[in-house]
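Structure first, then comments.
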Amino acid sequence: MRDREPAVNPADGVSFVMPVLNELDYLERAVLTVLEQRIDGPIELVLALGPSTDGTTALAHRLADSDERIVLVDNPQADIPVGLNLAIRRARFPVIIRVDAHSELSPGYARRALETLARTGAANVGGVMHADGRTPFQGAVARAYNSPVGLGGGSYHGGGDEGEAESAYLGVMRRAAIEQVGLFDESIRRGEDWELNLRLRQAGHRVWFDPKLSVTYWPRESWSRLVRQFFATGTWRGELVRRFGRRNSLRFFAPPLLVLDVALSVIVAVLQVTGVVSGATSVILSVVHVPVVAYVLVILAAVTTQLGGNTIRDRLWTLAVLPTMHLSWGVGFFAGFLRGAHASVDTSRLGGRNTPLP
């Protein structure tokens with residue numbers, strides 16, 4: 001581990017960077033929560049504009065015309081890491097705060113993050129992603145995001161103790177540190193933040209989790225978009241496992257193991273029903289059903305708790321959302337691990353057009 005990073009001086013300024021694509025319903029509020037941040041120095045917000053088709057670009061220009069702190073750069077490739085690197089290179093200040101158009105910063109977020117950077121000597125600091133929903137379906141997805149049952153217990157989803165971390169949600173980064181390791185890898189279309197933090201840690205820098213930092217995140221609004229998002233996320237995690245092996249956390253292997261066991265359970269069930277296997281062989285093979293039954297019981301139990309929501313409709317959506325997330329992610333993982341992610345992207349921001357937004 002390197003010595004502590006140099007002191008942070010808020011008076012030197014902070015640059016917020018945000019990749020944007022088709023975020024008409026969310027962009028204005030996301031921008032407002034950035035501009036409302038107060039530190040003892042100047043701030044700017046650099047928007048990397050992808051080729052939106054829903055009026056987002058026009059809105060971004062109107063916002064920039066109304067506030068000189070907003071800077072626009074074009075990101076014709078639409079890829080997130082490309083947009084982030086374009087925005088960082090355009091930015092002026094020594095601290096970079098990544099924000100997303102689908103999120104909202106809590107009051108005092110930047111001030112607290114700068115204090116944590118200074119106190120810990122970390123190169124990158126992140127906090128809790130608190131998902132929220134505007135519709136019953138989006139609310140079910142949000143509750144799944146906020147629960148260990150949904151996304152496997154990552155600290156930035158459910159909170160936890162402050163301390164050194166594997167990665168950081170969004171990230172409040174020292175520009176000098178991320179420039180030293182080469183900024184974001186533009187060949188990685190999802191999981192780019194995890195990979196950047198891996199390089200930071202390998203270079204001896206500290207990555208830090210502060211549960212007092214909170215960001216509201218608005219998840220996907222429909223079942224089909226959720227499927228496409230989680231399939232793409234799983235595909236890229238499979239790619240990252242191909243590249244980096246066991247440097248990936250063990251929790252990333254749970255969804256593909258679930259998919260594998262479900263597939264084996266279905267095959268064995270067919271063989272049993274058709275009489276191809278019977279007797280002692282059938283009994284022995286039935287062991288593959290045990291994890292599937294256990295998983296179903298866990299999901300049913302979770303739906304009866306606060307995770308399930310307050311109404312029958314909430315619980316039904318939760319019952320649909322949890323397996324959708326796990327199985328889509330797991331199937332995607334096998335696709336990425338076996339053949340590589342290549343040019344795979346997340347298509348969930350548009351009905352039928354590729355976009356790698358988170």
Take ARG189 and decide whether it is farther than 30 Å from VAL31 by Cα, modelled with pLDDT under 95, out of contact with any Phe, Trp or Tyr (no Cβ under 6 Å at 6 or more places or on another chain) and not β-branched (Val, Ile, Thr).
-> no
Can you tell me which residue within segment 278-298, out of those that are crowded, with 16+ Cβ neighbours inside 10 Å and of a type in the set (Val, Ile, Thr), is farthest from the chain's Cα centre (by Cα)?
-> VAL288
Would you mention how many residues in segment 235-257 are at pLDDT 95 or above, touching a Gly at 6+ places or on another chain (Cβ under 6 Å) and open to solvent by 30 Å² or more (accessible area, probe 1.4 Å)?
-> 0
For LEU196, all conditions in the list (1) over 15 Å from the mean Cα position of the chain (by Cα); (2) in a helix (DSSP H, G or I) hold save one; what is the number of the exception?
-> (1)
Got a number for residues in segment 36-65 being within 15 Å of ARG98 (Cα to Cα) and open to solvent by 20 Å² or more (accessible area, probe 1.4 Å)?
-> 0
Using beta carbons and a limit of 6 Å, which pairs, at least six apart or on different chains, have the first residue in segment 71-98 and buried (at least 22 other Cβ atoms within 10 Å of the Cβ) and the second one of a type in the set (Ser, Thr, Tyr)?
-> ALA78/THR355; ALA91/SER15; ILE96/SER15
Just to be sure, is GLY163 of a type in the set (Gly, Ala, Ser), more than 23 Å from ILE80 (Cα to Cα), without any contact (Cβ under 8 Å) to a residue 60 or more places away in the chain and open to solvent by less than 40 Å² (accessible area, probe 1.4 Å)?
-> yes
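Here is a yes/no grid of residues against (1) modelled with pLDDT of 95 or more; (2) over 22 Å from the mean Cα position of the chain (by Cα):
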residue	(1), (2)
LEU84	yes, no
PHE93	yes, yes
VAL99	yes, no
SER106	no, no
ALA110	yes, no
How many residues of segment 175-190 are outside any helix (DSSP H, G or I) and open to solvent by 20 Å² or more (accessible area, probe 1.4 Å)? The answer is 7
Quick check, is GLY275 part of a helix (DSSP H, G or I), open to solvent by less than 60 Å² (accessible area, probe 1.4 Å) and out of contact with any Asp or Glu (no Cβ under 9 Å at 6 or more places or on another chain)?
-> no
Residue pairs meeting the criteria (Cβ under 7 Å; at least 6 apart or on separate chains; first surrounded by fewer than 17 Cβ atoms within 10 Å (Cβ to Cβ) and of a type in the set (D, E, K, R), in segment 2-14; second in a loop (DSSP other than H, G, I, E, B) and at pLDDT 75 or above) = ARG2/GLY204; ARG2/HIS205; ARG4/GLY121; ASP12/GLY41; ASP12/PHE93; ASP12/PRO94
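The values are calculated or read from the model by the stated rules, or taken from the named source; none is laboratory data. All values reported here derive from a predicted model rather than from experimental measurement. We place every Cβ from the backbone using ideal geometry, glycine too, and count neighbours over all the protein chains shown. Ligands, DNA and RNA are excluded from the accessible area calculation, which covers all protein heavy atoms including side chains. Shrake-Rupley method; radii C 1.70, N 1.55, O 1.52, S 1.80 Å.
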